[in-house]
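To start, the structure itself, in structure tokens.
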Ligand code: UT7
């Protein structure tokens, strides 16, 4: 792949977390597990559950939050991209549904969904950045939204303890020259159902664990190479929030201090395509971006897919 920096400016982020919760104690009543096992093997304590809401509802609410926080005139949104593997239905796309709910059906805008599982938000942001750098797009709304609880088997302790529902959104525009982004995205067709959703989510946990550590390490290396920077120049890494031990494993392997990573999986579990934008929103609430900051976002998941972006403010 050629090395081409694209300009990018993150105007705002937003999120929507449904109010229902599933604690480890709740799961103890459903499967043979314990709070101690879940916390020690994953770092997760709680996850959220959408009650009476579907993926498009979560996506819409996260979008409204990003629009309001960024004080963006929604009439200047020229494209909507939603990353999800739990769309309400196959068609119309969640992006088109969000367009309608935002009252933007009178405008000619580009709307489509991206299916790259837990790497979906990175893929969607890459598509948005490419559109911004080539087309007449002013603002693009990028959303990661999932209602994973509807595809979980609550008799399978290997999977049901890990995942939760949520949505995150980001509004982006073309950046100034120094605000640039390098993307690295990849996949390897999973013909052995290492991690798949064929109505119900199924996973070979150990294999995914090994794949994930390798994918995150590879993504960090590739992004540093593309950006021409060193790890100590990266302000924060926002990884896909799957399992504390995956991040801890990468940190140990690459001798990265654990506090270089932003983690919030304790509260939300793995929300697939929504995990990176939710985490980013919470990180930016703690600390806004300063000129020269470098953020890395890294995803990995079903497909198998993996990859990331390194963004310089
Ligand atoms: O977005 C990407 C999505 N997926 C992931 O990120 C998942 C990646 N994989 C993982 O996070 C880990 O592999 C898991 C958390 C799923 C499992 O942890 P592990 O340390 O790899 O456990 P394991 O699968 O090797 O199983 C160890 C033992 C087994 O029992 P035996 O055979 O040793 O008696 C499992 O049956 O732990 C058992 N086990 C559980 N015990 C209590 C598996 N799940 C549970 C559970 N509670 N929920």
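If you scan region 232-247, which residues turn out to be within 14 Å of the ligand (Cβ to nearest atom) and touching a strand residue (DSSP E or B) at 6+ places or on another chain (Cβ under 9 Å)? Don't jump to the end; show me each part of the working.
Step one: list which residues in region 232-247 are within 14 Å of the ligand (Cβ to nearest atom), which gives 239-247.
Matches in region 232-247: 239, 240, 241, 242, 243, 246, 247.
Need the failing condition index for residue 134 against (1) touching a residue at least 12 places away in the same chain (Cβ under 8 Å); (2) farther than 17 Å from residue 303 by Cα, just the number.
(1)
Does region 219-235 include one or more residues that are closer than 21 Å to residue 12 by Cβ and either surrounded by 16 or more Cβ atoms within 10 Å (Cβ to Cβ) or at pLDDT 95 or above (or both)?
From region 219-235, those closer than 21 Å to residue 12 by Cβ are 235; that's our starting set.
With the extra rule that they be either surrounded by 16 or more Cβ atoms within 10 Å (Cβ to Cβ) or at pLDDT 95 or above (or both), the set shrinks to 235.
Yes, region 219-235 has at least one match.
Restricting attention to region 26-45, does a residue exist that is away from the ligand (no atom under 16 Å from the Cβ) and not in a strand (DSSP E or B)?
The first filter runs over region 26-45 and keeps only residues away from the ligand (no atom under 16 Å from the Cβ), leaving none.
No, because not a single residue in region 26-45 is away from the ligand (no atom under 16 Å from the Cβ) and not in a strand (DSSP E or B).
With the condition kept exactly as written, say whether any residue in region 179-197 is outside any helix (DSSP H, G or I), out of contact with any strand residue (DSSP E or B) (no Cβ under 6 Å at 6 or more places or on another chain) and within 23 Å of residue 52 (Cβ to Cβ).
Yes: region 179-197 contains one or more residues that are outside any helix (DSSP H, G or I), out of contact with any strand residue (DSSP E or B) (no Cβ under 6 Å at 6 or more places or on another chain) and within 23 Å of residue 52 (Cβ to Cβ).
So residue 176 ticks every box in (1) surrounded by fewer than 19 Cβ atoms within 10 Å (Cβ to Cβ); (2) touching a helix residue (DSSP H, G or I) at 6+ places or on another chain (Cβ under 6 Å); (3) in a loop (DSSP other than H, G, I, E, B) but one. Which box is left unticked?
Of everything listed in (1) surrounded by fewer than 19 Cβ atoms within 10 Å (Cβ to Cβ); (2) touching a helix residue (DSSP H, G or I) at 6+ places or on another chain (Cβ under 6 Å); (3) in a loop (DSSP other than H, G, I, E, B), residue 176 misses just condition (2).
Any residue in region 132-139 that is buried (at least 19 other Cβ atoms within 10 Å of the Cβ), within 13 Å of the chain's Cα centre (by Cα) and over 15 Å from residue 203 (Cβ atoms)?
Start the filter on region 132-139 by keeping residues that are buried (at least 19 other Cβ atoms within 10 Å of the Cβ), which leaves 132, 137, 139.
If we keep only those that are within 13 Å of the chain's Cα centre (by Cα) as well, we get none.
No, region 132-139 contains no residue that is buried (at least 19 other Cβ atoms within 10 Å of the Cβ), within 13 Å of the chain's Cα centre (by Cα) and over 15 Å from residue 203 (Cβ atoms).
Name, by its number, the condition in (1) in contact with a strand residue (DSSP E or B) (Cβ under 9 Å, 6 or more places away or on another chain); (2) within 13 Å of the ligand (Cβ to nearest atom) that does not hold for residue 56.
With respect to (1) in contact with a strand residue (DSSP E or B) (Cβ under 9 Å, 6 or more places away or on another chain); (2) within 13 Å of the ligand (Cβ to nearest atom), residue 56 is out only on (2).
The values are calculated or read from the model by the stated rules, or taken from the named source; none is laboratory data. Source: prediction; values computed, not measured. In this analysis, Cβ positions are derived from the backbone assuming ideal geometry, glycine residues included, and neighbour counts consider all displayed protein chains.
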